[in-house]
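**Student:** Please read through the structure below; I'll follow up with questions.
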């Protein structure tokens, strides 16, 4: 599924670089991700258009840095994107989600992939999903089959969490709930990008259901 607000895997990897380096250049993205310079430039341009990073300087000497603003508004003055940076902010966002959801609400996710090998992330998400299922939330996750075993092991203590596995090309680290879609970037300094749009949310909810119906259960 393509959407103007969906972050590709390489865009996520590029955002993760900003939590390791204060300034990032086209050449650095090209080298670290092992992609052509024109592709790296396009990624940085797209992240700039989304308001997540800003460019400094001109020409080959230019570099990019994370924007300090935590909220981005559309042309109508409505808050479209909220950015949560750092572990504390990341955890606070999940706490807000847990408190906001009520019995009968849904929390659907396209799971992380290789990030599940980080025990800190696994422990954090295990606790979170336990609390969601205890509240009676419709908690589902679609997982790439390549990480089937590590995900099953992570959530074996949460039988109420519904998990299905697929080989289909799906988003990674994405949450769908109520009127918003959340892109997650896990690194030393995690980031969550919340896109509040009922229309975009419904598009991804429909996509989630279509993949869910084709995916395999545990």
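**Student:** Over the Cα atoms of segment 9-66, compute the convex hull volume and normalise it per residue, giving Å³. Walk me through the numbers before you get to the answer.
**Tutor:** On the way: hull volume 4.1 nm³, N = 58.
Once divided by residue count, the hull of segment 9-66 is 71 Å³.
**Student:** With a 10 Å Cβ neighbour count serving as the proxy for reagent exposure, in which order, fewest first, do 127, 14 appear? Don't skip to the answer; put the middle values down first.
**Tutor:** Numbers: 127 13, 14 26.
Exposure proxy ranking, most exposed first: 127, 14.
**Student:** Roughly how tilted is helix 198-214, in degrees to the nearest 10 and between 0 and 90, from the longest Cα axis of the chain?
**Tutor:** 60 degrees
**Student:** Could you work out [θ]222 nm for the chain from helices alone, using -39500 (n - 2.57) per DSSP H run of at least four and dividing by all its residues? Round to the nearest 500 deg cm²/dmol. Show your work: numbers first, answer last.
**Tutor:** Details: 7 runs with 84 residues, N = 218.
My calculation for the chain gives -12000 deg cm²/dmol from helical runs alone.
**Student:** Tilt of helix 119-134 relative to the longest C-alpha principal axis of the chain, in degrees (0 to 90, nearest 10)?
**Tutor:** 50 degrees
**Student:** OK, next. Helix 37-49 sits at what angle to the longest principal axis of the chain, using alpha carbons and giving 0 to 90 degrees rounded to 10?
**Tutor:** 70 degrees
**Student:** Which residue, 46, 12, 37, tops the fluctuation ranking in a GNM of the chain built on C-alpha contacts under 10 Å?
**Tutor:** Comparing 46, 12, 37 in a Gaussian network model of the chain, the most mobile one is 37.
**Student:** Over all directions, how big on average is the projection of the convex hull of the alpha-carbon atoms in the chain, in square nanometres? Walk me through the intermediate numbers first.
**Tutor:** Values: hull surface 49.1 nm².
In nm², the orientation-averaged hull projection of the chain is 12.3.
**Student:** When the Cα centres of segment 156-174 and segment 24-64 are compared, how far apart do they sit, in Å?
**Tutor:** So the two Cα centres are separated by 32 Å.
Where a number appears in this text, it was derived from the coordinates with a stated rule and is not lab data. Being a predicted model, the structure only gives us computed values, none of them experimental. With ideal geometry, Cβ positions are generated from the backbone for all residues, glycine too; neighbour counts draw on all protein chains shown.
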